[in-house]
Structures are given as C-alpha cells and as structure tokens.
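Bear in mind these aren't lab numbers, they're just calculated from the coordinates by the rules spelled out. Since the structure is predicted, the reported quantities are computational estimates derived from the model, not experimental observations. All Cβ positions, glycine included, derive from the backbone under ideal geometry; neighbour counts span all protein chains shown.
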Amino acid sequence: MLVIDTEYKIWLTDLKIRIRQSQIKAALAVNTALIEFYWDLGKMITEKQTIWGSKFLATLSNDLRKEFPDMQGLSERNLKYCRMFYQFYENNSVQQPIDLIGQQLVAQSQALDNQQDTNGSRLVQQAVTLIPWGHNILIFTKSKDLKEALFYIQKTKENNWSRDTLALQIKSDLYARQGKAITNFTNTLPEPNSDLAQQTLKDPYVFDFLQLTEEYKERDIENQLMQHITKFLLELGKGFAFVGRQYNIQLNQKEYFIDLLFYHIPMQCYVVVELKNKDFEPEFAGKLNFYLTLIDKTLKRPNENPTIGILLCRGKDNLEVEYALQDIHKPMGVSEFKLDKILPDNLKNSLPSIEELEEQLKKMDTE
C-alpha cells in the first residue's frame, strides 16, 4: 500500500503543472495549425476563383463536407472567410511594411523562423496564429488596414480577451482612442515611463455602460462607475487596480476627497482620476496638481514612481489644455468622456438610489 507522504504530494503537484502546460502547448499547436491551414486554403481559393469563379465555393464546400462530415469550418460561409482572411493580410502587407507592433507580436510566437520577405508577409502570417479563428474573423472584417489589425491582435494576446470583449473594444474604436489624450508626460516623466503612460491613456473614454437620466451630476457618474467597476476597469485598460472612491486625505485640520484613486501595477504608481461634468477649465489642472502632490507626500513610497493624474471632462479645447499643462510639473493628462446611453426621465425611479449604491460599495470593501 502506497504511503502518501509529503514528497509524493510535492511530486504530484509538479506533475499536474506539467500536464496542464502540455495541454496548453497542445491547444496552441492545434490553433496554429488550424490558422495556417485557413491561410493556405484562402490562398488556394483566391488563385482558383480566377479560373472557376466565386460560385465554385458552394460546390467545394459540399464536396469537402461529404468527405469530412465531422470536420468543422468547411461551410461555404467559412470558406469565404478564409478567402477574405488571406486577401486582407496579403493585400495590406504589400502596401504597408511590417512595423514594430508586428515584430513584437511575432516575438511572442513559439514557432518562429528566420524567413521573411521585404514586406513582412511571413511575419504577419505568424502573428495571426497567436489568436483563435473567431477572434481573427472579428479583426480582419472590422479593421481598416494592417496596422489596426495588428494592434487588436497584440491587445488580444496581451490581455487574453474573450471574443465578446474584443468585439466591445473594436466597437468602441480603441485603436483610434489609445494614447490620444493630451498630456505633459514627455516633460514630467523619464523615458520609457512617459511612453508607457501616454499609451495607457485614451481620448475619449467611452462609458456607454452607464444608465443615466438627462439631469445627471458628477456624483451620479461616479456612483455608477463604481456599480460597474469591472467594465470601468476594462475601459481604463490593463494594469489598473481600484484603491478607493472619494478617497480621504487630511492636511493639517482640513480634509480633501479625491474622486477616484487607482494603482497602476506595471507603472508602479498611483493614478488620480478626477471627473468633471463640464468642459475643461484651466483651474481644474491646478486642483489636480495639488491632489497629486498630496498623494506623493502621503502615500507614495520611495521606490514608487510619481503619481499620475487623469482629468475626465465632458469636452475640451485642445489648445487651452496644452497651455494649461505647459507649466505643470506633475504628470497629468486630460481626456473627454462620452455617455452614449441616456435614459429618459420616466425611467429614473428604476435606477438604484445613492443609498443602495453606497451599501453595495460597503459590501465590496468587506469582501
């Protein structure tokens, strides 16, 4: 009879980890083989349709499904996707040389080789194997060009997005918003922190998951952002950890309340988010600058980076923002936020009250 000792338990734990790793590697290998097959299939269909015309796809699908009745992906619709897949990347890679994003993507692949042509089509072919076929369909059918497609492939790989999450990010046009906020990071942060911080911010932020009436106030927005904290963090981006709402800091005998306080793990710094339900005004930057000083003096540890501020307004004049930030020595950025879903007043009573939201926040704090 086997004696279950500590050594066996340690060995069993290690074995389980190795089995899971092998399963992941096998799944990745299967996905890579499938995407490569669809690429080659799309290429063959593109070449043959000049001879037999596009209508041959229905016949091809019927013949293949008879021969391989248990195989998925042989419908006429999917064969058309394979053709679109190949043509999108082949046509775009000819027009656009592979850029840094594409090279970073391919560097993540476990099946690299040293073969690539002058326009990087081999690199692109390897990049698309990093994500599942359903994700690929979303990207090549919704992206305008190669650079945008590679951006979404990279973000999907980095954040492990589900297909639904990827669809939401594409719908909100993340590619056009990422890194577009007006900031003073180049003057207030060293490289590469300034570049990382810039790419972390968006403009505008889209809070279309909120349910607000026409006569909403800043506190209403803040309350509902907390109610939908998961979606709010998704919109903020990878790396944000929620610290507190109306975060209280005392200076001498006076209290100050910061709208929203986060910690950005990759950048190792606190992030102050201030909400203004109006267009940007220069004095907003001065107040945010004061809050950043408070956090740096009271919370920031010596090994952490300077606190960053994000000011979210309903609107802004870009030139006015640039002038306002020019002589600010604390790192901050200014973005707009958009609320696409506004409920009519007659639905106001169906919304949770502030008291209910407060109670929910208390429960979150104790969990």
* Asked: Could you give me the ³J(HN,Hα) list for the stretch 18-30, computed from phi with Karplus coefficients 6.51, -1.76, 1.60 and θ = phi - 60°, whole Hz, x at Gly and Pro?
  -> 5, 5, 4, 4, 5, 5, 5, 4, 5, 5, 5, 5, 5
* From phi via Karplus (6.51, -1.76, 1.60), per-residue ³J(HN,Hα) for the stretch 81-89 in Hz, x at Gly/Pro -> 4, 4, 5, 4, 4, 5, 5, 4, 6
* Sequence-distant residues sharing a close amide H with residue 184 (under 5 Å, placed H) -> 332
* With θ set to phi - 60°, apply the Karplus curve 6.51 cos²θ - 1.76 cosθ + 1.60 along the stretch 129-140 and write out the HN-Hα couplings as whole Hz, x wherever there is a Gly or Pro. => 6, 6, 10, x, 4, x, 5, 4, 4, 4, 6, 6
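So, by mean Cβ neighbours within 10 angstrom, what's the order for 45-51, 250-256 with the highest one leading?
Details: 45-51: 12.6, 250-256: 8.7.
Output ranking for 45-51, 250-256: 45-51, 250-256.
Sort the stretch 169-236 into rounded, prolate or oblate with this rule: let a ≥ b ≥ c be the square roots of the eigenvalues of the Cα gyration tensor; rounded if a/c is under 1.5, and if a/c is not under 1.5, prolate when a/b is larger than b/c, oblate otherwise. Mind dumping the intermediate values first?
Details: a/c = 2.50, a/b = 1.92, b/c = 1.30.
Prolate, since a/c reaches 1.5 and a/b exceeds b/c.
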* Structure fact -> The lysines whose Cα lies under 27 Å from the Cα of residue 16, excluding any fewer than 8 residues away in the same chain, are 25, 157
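Could you order the peptides 69-75, 310-316 from most to least packed, using the average number of other C-beta atoms within 10 Å per residue? Display every interim value, and only then the final one.
Details: 69-75: 11.4, 310-316: 20.9.
The packing order, highest mean first, is 310-316, 69-75.
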* For residue 336, list long-range residues whose amide hydrogen, built 1.01 Å from N in the peptide plane, is under 5 Å from its own amide hydrogen. => 205, 313
* To do: Could you name the lysines whose alpha carbon sits less than 23 Å from that of residue 43, not counting residues in the same chain fewer than 8 places away?
  => 55, 66, 80, 142, 144, 147
